[in-house]
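One structure below.
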Amino acid sequence: MGDKHTIIRIKDISKLGGQLVKLSLTDLMPLPPPYDKPGMEPPMTEPKPEWSKSYVTELDGYIAIDIPWKPKNKDEEGKLIEKFLEGLRKLTSKSDNWTFLQPLLLALEYCAKCQNCAEACPIYIASGRKEIYRPTYRSEILRRLYNKYIAKKPGADIELNIYTILRLGELAYRCTLCRRCVQVCPLGIDNGLIAHEIRKLFAQELGIAPKPLHERGTMLQLKAGSSTGMNPKAFLNMVKYMEDLIYEKTGKRIKIPVDEKGADILLIHNAGEYLSWPENPAAYAIIFEEAGISWTLSSELVGYDAVNYGVWYDDVQLARIALRHVEVARKLDVKKIVIGECGHATKALIVVADRILQGEYRIPRESVLPLLRDIVLSNKLNLDPSKNNFPVTLHDPCNIVRLAGIVQPQREILRRIAPLFREMEPHGVYNYCCGGGSGFAIMTSMNFTEWRVKVASRMKFKQILEAFRDVIDPKIPKYVCAPCSNCKGELRDLLMHYNATKFYNIHYGGLAELVVNAMVDLKEPYLDFLIKKE
Amino acid sequence: MIYALVFKYTSYISFIIFVIGIAYKWWKWSSMPLHLRWELYPVPHEVLKAEYGGSYLEEVNWWLKGRLVSVFGELKEMFKEMLFIVRIYRSNKRLWLLSYSFHLGIYLILIWFILIFLGAITTTYIGIPIPSMNPWAIFVYYVTIIIGIVGDVLAIVGGLGLLVRRLVSPVLRDYTTIPDYFNLILVLLALMSGLLAWFFDPSFNLAREFMSSLINPLLPPPYLNVITIVHLAIVQIIIAYIPFSKITHFIGKYFTYHKVLWDDEPNMGQLDGKIQELLKLKLFWSDPHIKSGDTWINNASG
Ligand code: SF4
Ligand code: SF4
């Protein structure tokens with residue numbers, strides 16, 4: 001249990017100054033071939049000294065919270081401590097936090113500290129078992145603070161000073177909320193939830209959250225319509241662009257339905273798709289057209305962006321965005337909302353917000369994957385699997401699989417359209433997170449990307465390399481299918497960091513693209529990497 | 001004699017505290033407000049899908065299909081966990097050996113309690129002495145001895161192992177708080193004093209006699225030796241203390257699984273009333289993006 005290193009203890013969270021942990025490449029979990037040779041992995045960098053003036057480098061030197069939140073003097077420190085305790089009290093009160101009160105209090109009360117959860121956590125393992133990333137580390141800190149200051153129980157050995165708060169704030173962003181650890185806990189204790197609740201305390205009480213989630217995330221989405229900053233006009237241009245893209249790639253002239261009242265389905269994609277992977281929403285347009293589905297997109301504010309970052313750090317923002325999504329659907333008078341290939345958006349609107357939506361807001365909502373499965377298996381599309389004659393593996397987005405139980409539809413599709421489909425190990429509900437979960441995929445400030453791709457995504461990269469072990473030859477194109485925008489964002493950064501596309505011909509993308517790529521009447525491959533460059 | 005009488009009455013008191021305490025704990029957890037959905041798959045009550053961790057959300061128009069919930073699936077998973085602690089078995093065999101031996105021992109001791117109780121009824125109310133040649137009496141007599149001893153030894157071995165494991169590993173030591181040690185040591189003291197008491201009461205006749213005096217208020221308690229008195233005192237303290245300690249994790253576990261991780265009940269209108277009530281609550285979070293002091297519903301819709 002890490003005995004050979006000096007052990008970081010729980011009380012070290014309050015250590016006056018200094019960085020608790022310094023990561024080095026040699027400590028990290030080794031990668032499988034061909035990345036087992038020295039020099040294959042880019043080195044680690046040092047945090048810039050000036051960062052520590054405004055940001056917290058005292059945990060591991062990486063910065064997730066990219067707003068300057070460090071107190072400047074004793075006075076500000078005192079206020080921060082006071083407000084933190086105030087927030088902790090609200091976090092454990094019914095009216096302020098009924099949304100997660102029971103799960104939180106159960107998790108605080110009953111952990112047996114058996115540490116069975118640690119070996120299930122990809123971050124803890126990939127880091128070379130660094131104590132600060134142990135699933136119970138941040139939980140035990142919050143538990144002791146709660147026991148000591150709120151519940152006033154005896155025996156809580158912890159000191160609350162400014163460093164406790166600074167480090168705990170950063171530490172809440174060293175967990176992807178993948179909840180893999182919960183599956184092995186004999187008592188059902190949820191360390192992921194505790195990280196989630198710490199984030200809420202910081203955001204809802206102190207206004208402290210990473211900019212990509214809050215300021216440029218939910219706040220921007222509620223104001224401008226999308227966390228990408230895309231306004232309705234830009235969205236409509238995007239639709240035009242996709243129609244052209246479809247024509248160019250397939251020779252089909254398709255009119256993408258927008259704001260069509262009374263359609264059966266309102267399809268909402270993660271707006272990031274339009275900017276980074278327009279082939280994915282375009283593929284859905286092609287498939288729905290071909291299958292004769294009655295559907296529409298919306299160009300109304302928030303109606304064209306399925307994301308709901310609130311689910312990662314702020315219940316109020318979660319509720320606001322969920323309500324907006326439903327309002328858009330009600331105005332369009334559709335029968336149901338279907339969420340595109342985006343994991344957290346699926347979980348947020350279909351699962352988590354289910355107990356916020358009542359009365360007339362209770363509109364049916366579902367993931368696009370079962371629908372796509374039904375279309376593919378119904379033979380409405382003329383598909384030739386041999387067009388996908390390259391190795392394909394499937395990444396299971398935590399939010400769709402472990403947290404929503406949508407496991408088989410994507411597999412049934414792949415078995416039909418990808419003859420060289422192979423599973424990663426482990427997979428399904430026991431998968432590993434891509435490393436971009438809980439907002440990480442969009443958090444790129446300062447050196448955080450480095451931590452993500454080296455630590456959080458390390459286990460995923462290992463799995464990918466192992467899934468393709470027999471076909472690693474760069475002449476063979478390989479495809480990691482990830483039916484989730486955020487997972488794709490993470491895979492993009494991951495493959496780029498390790499140069500895996502360039503060196504080993506490993507590509508990534510969604511599921512619908514792969515379906516369209518198998519369509520018989522397409523002359524050119526739909527997937528760009530299959531197009532032979534002159 | 002007077003001691004024995006005192007212990008007869010404190011037995012009732014500690015038992016009553018236990019029952020009320022457990023009922024209170026149960027009430028406390030079950031009266032918590034409805035929370036947002038936060039399920040985790042596999043959810044064992046999903047018919048046909050539990051095996052691979054699937055849910056009703058795998059179906060198009062799932063809300064039209066009716067939702068089948070298999071109580072049997074939940075019970076199966078619950079008993080697998082309770083009787084074999086499979087989650088630890090799968091990931092940590094060494095820990096499992098200790099934890100399982102400890103818990104199995106405790107379960108056996110609970111069965112021993114029931115046997116002592118049955119024995120007391122048999123002698124007091126049915127009039128069959130134990131030991132005697134009556135087949136039932138023979139059965140109760142021997143099974144009580146075997147279960148009691150095996151249970152106690154297993155629990156002591158497992159409990160000591162868990163304690164040592166905590167003490168030797170620097171990480172575990174760091175996570176263990178004084179109340180954690182206190183609970184484990186208290187239980188171990190009860191188990192070990194029980195073993196000592198058994199040396200003076202090898203066939204548990206004294207235990208049965210004491211139980212007889214408990215189930216018949218008119219019956220005076222038997223003479224108790226010092227070690228039995230010490231054991232009895234510790235056991236009574238534990239019984240009264242359990243509801244206020246983490247030893248009630250069996251209750252916690254019920255709620256974490258049934259009311260959080262497996263709670264995938266969609267709102268088809270049946271929860272509207274509860275949700276409306278909760279949305280009327282006021283929230284006081286103070287960051288300016290929240291309308292502090294206003295209700296959830298007003299916050300969400302504005
Ligand atoms: S969270 Fe669960 S598995 Fe982890 S230490 Fe606590 S009881 Fe054990
Ligand atoms: S939720 Fe995932 S990342 Fe967070 S502690 Fe658990 S296993 Fe680790």
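Throughout, read-outs are computed from the coordinates displayed, never taken from laboratory work. Fair warning: this is a prediction, and the values are worked out from it, not measured in the lab. In this analysis, Cβ positions are derived from the backbone assuming ideal geometry, glycine residues included, and neighbour counts consider all displayed protein chains.
Beta carbons closer than 6 Å, at least 6 apart along the sequence or on distinct chains, pair a first residue in the range A:186-205 that is over 11 Å from A:Ser139 (Cβ atoms) and facing another protein chain (nearest Cβ under 9 Å) with a second that is within 9 Å of ligand 1 (Cβ to nearest atom) and part of a helix (DSSP H, G or I) for A:Pro186/B:Arg87; A:Pro186/B:Ile88; A:Leu187/A:Tyr110; A:Leu187/B:His249.
When A:Tyr163, A:Tyr149 are checked against the criterion of being hydroxyl-bearing (Ser, Thr, Tyr), farther than 30 Å from A:Leu25 by Cα and surrounded by fewer than 23 Cβ atoms within 10 Å (Cβ to Cβ), A:Tyr149 stands alone in meeting it.
Kindly evaluate B:Glu265 against the criterion of being of a type in the set (D, E, K, R) and in a loop (DSSP other than H, G, I, E, B). Yes; evaluated as a whole, the condition is true for this residue. Of the numbered criteria (1) in contact (Cβ under 8 Å) with a residue 24 or more places away in the chain; (2) surrounded by fewer than 22 Cβ atoms within 10 Å (Cβ to Cβ); (3) more than 21 Å from the chain's Cα centre (by Cα), the one A:Met446 fails is (3).
Taking the listed residues B:Tyr181, B:Tyr175, the one that is surrounded by fewer than 17 Cβ atoms within 10 Å (Cβ to Cβ), over 30 Å from B:Pro222 (Cβ atoms) and out of contact with any strand residue (DSSP E or B) (no Cβ under 6 Å at 6 or more places or on another chain) is B:Tyr181, with no other qualifying.
Just to check your reading of the model, which residue among B:Asn92, B:Asn61 is on the phi > 0 side of the Ramachandran plot and over 15 Å from the mean Cα position of the chain (by Cα)?
Matching residue, one of B:Asn92, B:Asn61: B:Asn61.
Does A:Cys181 count as among the hydrophobic types (A, V, I, L, M, F, W, C), within 13 Å of another protein chain (Cβ to nearest Cβ), closer than 22 Å to B:Tyr257 by Cβ and touching a Phe, Trp or Tyr at 6+ places or on another chain (Cβ under 9 Å)? Yes.
When A:Leu168 is tested against (1) farther than 30 Å from B:Pro44 by Cβ; (2) within 16 Å of ligand 2 (Cβ to nearest atom); (3) touching a Phe, Trp or Tyr at 6+ places or on another chain (Cβ under 8 Å), just one condition goes unmet, and that condition is (3). Among the residues here, A:Arg365 qualifies as in contact with an Asp or Glu (Cβ under 9 Å, 6 or more places away or on another chain) and surrounded by 24 or more Cβ atoms within 10 Å (Cβ to Cβ). Reported count of residues in the range B:82-105, each being of a type in the set (Gly, Ala, Ser) and within 11 Å of another protein chain (Cβ to nearest Cβ), is 2. With respect to B:Gly73, is the statement that it is part of a helix (DSSP H, G or I), buried (at least 19 other Cβ atoms within 10 Å of the Cβ) and more than 20 Å from the chain's Cα centre (by Cα) true? Criteria met by B:Gly73. Looking across the range B:259-302, the residues that are of a type in the set (S, T, N, Q) and facing chain A (nearest Cβ under 8 Å) come down to B:Asn267, B:Gln276, B:Ser286, B:Asn299, B:Ser301. Taken over the range A:422-455, the residue count meeting the criterion of being within 14 Å of another protein chain (Cβ to nearest Cβ) and in contact with a Lys or Arg (Cβ under 6 Å, 6 or more places away or on another chain) is 1.
May I ask you to list the residues in the range A:490-519 that are among the aromatic types (Phe, Trp, Tyr) and under 26 Å from A:Val376 (Cβ atoms)?
Scanning the range A:490-519 gives a single hit, A:Tyr508.
Residues in the range A:120-139 that are in contact (Cβ under 8 Å) with a residue 24 or more places away in the chain, within 14 Å of ligand 1 (Cβ to nearest atom) and over 17 Å from A:Pro186 (Cβ atoms): A:Glu131, A:Tyr133, A:Tyr137, A:Arg138.
Considering the range A:63-119, the qualifying helices (runs of 4 or more DSSP H), each wholly inside and each with 1 or more residues that are within 16 Å of ligand 1 (Cβ to nearest atom), of a type outside the set (Val, Ile, Thr) and under 20 Å from A:Leu177 (Cα atoms), run over A:101-110. Hey, could you check the range B:49-68 for residues that are surrounded by fewer than 15 Cβ atoms within 10 Å (Cβ to Cβ) and outside any loop (DSSP other than H, G, I, E, B) and say which is nearest to ligand 2 (Cβ to nearest atom)? Per the criteria, the residue is B:Glu51. Look at (1) within 10 Å of another protein chain (Cβ to nearest Cβ); (2) assigned to a helix (DSSP H, G or I) and you find that B:Ile109 fails only one, number (1). Of the listed requirements (1) surrounded by 15 or more Cβ atoms within 10 Å (Cβ to Cβ); (2) more than 7 Å from chain A (Cβ to nearest Cβ); (3) hydrophobic (A, V, I, L, M, F, W, C), B:Val43 misses just one: (2).
Would you confirm whether any residue within the range A:108-118 is touching a residue at least 60 places away in the same chain (Cβ under 8 Å), within 11 Å of ligand 2 (Cβ to nearest atom) and under 20 Å from the mean Cα position of the chain (by Cα)?
no
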